[in-house]
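Read the structure below first, then the notes.
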Amino acid sequence: MPYEQISETNLKGVFKIQPKVFTDKRGYYSPTLVISEFENATNISFNLIQVASSFNSEKGVFLGLHYQAPPYTQGKLVMATEGSVLDIVLDIRKNSPTFGQHVTEILTAEKQNQLWVPPGFAHGYLALENNTRFTYFVTDGIYSPQSERGINVFDPDLLINLPLSRSEIVLSGKDKILPNLRDISPKDLL
């Protein structure tokens with residue numbers, strides 16, 4: 001098996017994944033994704049439709065909390081391929097017993113650890129280092145700008161503990177004006 005561990009978090013359907021990392025004096029090799037093994041371990045059908053990357057030149061850049069409204073929901077296997085991030089996954093499934101709850105995980109290029117973010121969850125990450133690269137293995141729906149939505153990471157009801165002060169966090173213009181979860185229309189949630 002190419003994975004050391006695949007474990008479900010307290011949010012049903014969200015998985016922490018640790019691929020094996022083979023190291024020697026030359027560096028390392030890691031099987032980032034073996035779809036059949038992932039599917040067997042999680043009981044999730046993985047229909048890869050896109051691989052995307054983002055790059056953040058400075059520590060403190062925050063992207064998210066983003067998701068796509070139905071019918072263009074997406075699943076994402078995410079990882080830091082350079083540097084490290086604090087990754088955040090928020091349950092926005094309106095009938096879920098964990099609605100409004102989140103998990104956080106530090107993902108690092110060194111560890112090659114990953115999170116599976118299924119449809120029905122908002123996702124974001126905070127770059128913990130300069131020159132951080134982040135990779136998304138996207139399943140399900142294609143990117144749909146008209147279906148793109150987001151939730152304010154500073155929503156006081158969410159109680160997300162960030163390791164940087166608000167003044168140290170860099171948001172895009174559109175992320176600065178994202179609504180709080182309680183202000184999201186139910187039709188935009190799963």
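What tally of residues in segment 47-69 results from selecting those that are crowded, with 16+ Cβ neighbours inside 10 Å and at pLDDT below 95?
Residues meeting the conditions: 3.
Please indicate, with yes or no, whether at least one residue in segment 15-25 is over 17 Å from the mean Cα position of the chain (by Cα) and among the aromatic types (Phe, Trp, Tyr).
Yes: segment 15-25 contains one or more residues that are over 17 Å from the mean Cα position of the chain (by Cα) and among the aromatic types (Phe, Trp, Tyr).
Kindly provide the set of residues from segment 124-156 that are under 26 Å from Thr32 (Cβ atoms), among the charged types (D, E, K, R) and assigned to a loop (DSSP other than H, G, I, E, B), ordered by number.
The answer is Glu129, and nothing else.
Mind checking whether some residue in segment 17-37 is under 26 Å from Arg149 (Cβ atoms) and surrounded by fewer than 18 Cβ atoms within 10 Å (Cβ to Cβ)?
Looking through segment 17-37, none of the residues is under 26 Å from Arg149 (Cβ atoms) and surrounded by fewer than 18 Cβ atoms within 10 Å (Cβ to Cβ).
Residue by residue through segment 34-72, note down the ones that are hydroxyl-bearing (Ser, Thr, Tyr) and farther than 28 Å from Leu158 by Cβ.
Ser36, Ser45
Is it true that Phe137 is without any contact (Cβ under 8 Å) to a residue 60 or more places away in the chain and of a type in the set (Phe, Trp, Tyr)?
No: the conditions fail for Phe137.
If a residue has to be part of a loop (DSSP other than H, G, I, E, B) and in contact with a helix residue (DSSP H, G or I) (Cβ under 9 Å, 6 or more places away or on another chain) to count, how many in segment 52-98 make the cut?
The qualifying residues number 9.
The values are calculated or read from the model by the stated rules, or taken from the named source; none is laboratory data. Owing to the predicted nature of the structure, the values given are computational and were not obtained by experimental measurement. FYI the Cβ positions are ideal-geometry reconstructions off the backbone, even for glycines, and counts take in every protein chain you see.
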